[in-house]
Amino acid sequence: MDFKGMALSELLFYYICIVSGAIGWIYGFVHQSFLQTFYIWACGLGVSVVLCVPDWPFFNRNPVKWLDKSVLEGKSKPSKKTS
């Protein structure tokens, strides 16, 4: 997962939890049932875990380009001066 993928995963998690909590709160308020509020929020939490925890391919759209090892080996090493 790249850095932009991590940010996307975090945003998805926040938005899904907030939306499911708001929907659950409204539904529970209308039906006067905290249990229904909890069930709806728990379902939203489960959906967010399934979407955000695995490393799905859409989280890897911007791979990090690391420095090639051959570039480092090709540079001359500084010589040690003996006194």
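Neighbour counts of C-beta atoms inside 10 Å place V49, V30 in the sequence V30, V49, starting with the fewest. Dipole orientation for the chain: of the candidates L51, S9, I26, S9 has the Cα lying most toward the positive pole (charges on Cβ; Lys, Arg +1; Asp, Glu -1). Labels on offer are (1) 0.92; (2) 1.38; (3) 1.47, and the one holding Rg/Rh (Cα atoms, Kirkwood Rh) computed from this structure is (3).
For the chain, a simple Cβ point-charge model (Lys and Arg +1, Asp and Glu -1, everything else neutral) yields a dipole of about 760 debye relative to the Cα centre.
Under a 10 Å cutoff between Cα atoms, tell me which one of S33, S48, S70 has the largest fluctuation in the Gaussian network model of the chain. Per the Cα network of the chain with a 10 Å cutoff, S70 tops the list.
Couplings 3J(HN,Hα) for segment 2-14, derived from phi with the Karplus relation 6.51 cos²θ - 1.76 cosθ + 1.60 (θ = phi - 60°), are 8, 5, 5, x, 5, 5, 5, 4, 5, 5, 4, 4, 4 Hz, where x marks Gly and Pro.
Under 10 Å, Cα contacts only: if you run a Gaussian network model on the chain, which one of I16, I26, I40 comes out with the highest mean-square fluctuation? Among I16, I26, I40, the largest mean-square fluctuation in the Gaussian network model of the chain belongs to I26.
Annotation: the residues C43, C52, C17, sorted from fewest to most other C-beta atoms within 10 Å of their own C-beta, follow the order C43, C17, C52.
Each value in this text was obtained by applying a stated rule to the coordinates, not by laboratory testing. Treat the numbers as computed from the prediction; the structure is a model and nothing was measured. Don't worry about glycine lacking a Cβ; one is built from the backbone with ideal geometry, like all the others, and counts go over all protein chains shown.
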